[in-house]
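First the structure, in the form of structure tokens, and then the observations on it.
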Amino acid sequence: MTDTANRTGKQMTPDEIVGRLESGMTLGIGGWGSRRKPMALVRALLRSGVTDLTVVSYGGPDIGLLAAAGRIRKLVTAFTTLDTIPLEPHFRAARERGDFELVELDEAMFMQGLTAGVQRLPFLPIRAGLGSDVLRVNPQLRTVTSPYEDGEELVAVPALRMDAALVHMNRADRFGNGQYLGPDPYFDDLFCEAADTAYVSCERIVDSAELTAHAVPQTMLVSRHAVTGVTETPGGAHFTSCVPDYGRDEPFQKAYATAAADPDAWEAFRSRFLTGTERDYQLAVQTWHKEQR
């Protein structure tokens, strides 16, 4: 390993990460709804020319922003929500227009698809989805019969394999080991391991020893072997939550959702918050909050 590699490991900038993505890719985005989404990387993606994406996500504003920008060709999701706002408004509008193909899976089926992707299996069986409309709205799904005496019919969930995955962690080291400090891992480890390349943004890059000094080992979610690049992006999940570093910015999320309902209001929102650098975004959000006082 060179001296430079020893110093920097796998550290990259958000724009360098997005520079490795290509139009037409299948892209996984970690997090859950409006929780610990890699929003700084999504904003960097919006600044690029990458489009025609197949996106795999437990969707939140990541899907909303990409849908509003016309970057999605196909979406594989279990839901697309802002949590306190049940249906992501840009997602809803894009679906009503028929802007992209949708594969909507049960939450457990989605997890099983990720697990099959990690294990490099073509599919994994599951009971979830049986007796529901999931099979009706996704006629490409198949069932399999158990080869054992029970002869049970199960849904064969196809593997969710991705060209690249983006996730956000509370902490990481320069080699890509990622740690979550909040209440839920959100399957980010599965996203990384089911993708050919994976990129981790984090609130803070720390020395490797600090990752385990004051935390239980189970918080070490993402392993460096599955990570291609890592970047430090303080506030990089905003406006989604990144507990315990910060909660969801509910006032700003409400402003986002309100603006989404009107084309002129959305253009004003987009121009103010989404046309500059990540630093421009963070400063614009700070100014906006001061204006609300």
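Structural remarks
- Full extension of the chain segment joining PHE252 with SER271 gains 5.3 nm, where the gain is 0.36 nm per residue of separation less the Cα-Cα distance.
- Estimated D of region 1-153 in µm² per second, where Rh is the Kirkwood radius over Cα pairs and Stokes-Einstein applies at 4 °C, 1.567 mPa s: 75
- Using θ = phi - 60° in the Karplus curve 6.51 cos²θ - 1.76 cosθ + 1.60, the 3J(HN,Hα) couplings for region 178-189 round to x, 10, 10, 10, x, x, 8, x, 6, 6, 4, 5 Hz; x is entered for Gly and Pro.
- Given charges at beta-carbon only (K, R positive; D, E negative), |dipole| of the chain in Debye: 560
- Label separation (ASP264 vs ARG136): 4.2 nm, computed from points 7 Å beyond Cα along the C-beta direction.
- Nearby lysines by direct alpha-carbon distance to LYS254 (threshold 30 angstrom, same-chain neighbours under 8 apart not counted): LYS37, LYS74, LYS290
- Separation of alpha-carbon centers, region 133-180 and region 276-293, rounded to whole Å: 37
- Under the Debye formula (equal points on every Cα, no solvent term), log10 I(q)/I(0) of region 141-203 at q = 0.12, 0.18, 0.19, 0.20 Å⁻¹: -0.47, -0.71, -0.74, -0.78
- Long-range HN-HN contacts of LEU102 with modeled amide H, under 5 Å: LEU75
- In region 224-279, the ratio of gyration radius to Kirkwood radius, Rg to Rh, stands at 1.09 when only Cα atoms are counted.
- Average projected area [Cα convex hull, region 173-293], square nanometres: 9.1
- In this calculation the C-beta distance from ASP150 to SER23 is compared with R0 = 35 Å, giving a FRET efficiency of 0.15.
- Shown is the FRET efficiency for GLN292 and THR13, computed with R0 = 35 Å from the Cβ-Cβ distance and rounded to the nearest 0.05: 0.70.
- Peptide packing: for 114-126, 258-270, 153-165, the average count of neighbouring Cβ atoms within 10 Å per residue gives the ranking 153-165, 114-126, 258-270, highest mean first.
- Radius of gyration, Dmax [the chain; alpha carbons; angstrom]: 19.3, 68
- Under the Debye formula (equal points on every Cα, no solvent term), log10 I(q)/I(0) of region 95-247 at q = 0.11 Å⁻¹: -0.54
- Charge-dipole axis of the chain as Lys and Arg at +1 and Asp and Glu at -1 on Cβ define it, positive-most pick from TYR148, HIS238, ASN170: HIS238
- Each residue of region 141-155 is assigned a 3J(HN,Hα), and the resulting list reads 5, 10, 10, 10, 9, 4, x, 9, 4, 5, x, 6, 8, 9, 7 Hz, derived from the Karplus form 6.51 cos²θ - 1.76 cosθ + 1.60 (θ = phi - 60°), x at Gly and Pro.
- Note on the chain: helix-only mean residue ellipticity at 222 nm, from DSSP H runs of 4+ residues weighted -39500 (n - 2.57) and normalised by residue number, equals -9000 deg cm²/dmol.
- Highest-fluctuation residue, ASP133, ASP150, ASP83 considered, GNM on the chain with Cα pairs under 10 Å: ASP150
No lab work stands behind these numbers, since they all come straight from the coordinates. The model shown is predicted, which means the values in this text are computed figures rather than measured ones. We place every Cβ from the backbone using ideal geometry, glycine too, and count neighbours over all the protein chains shown.
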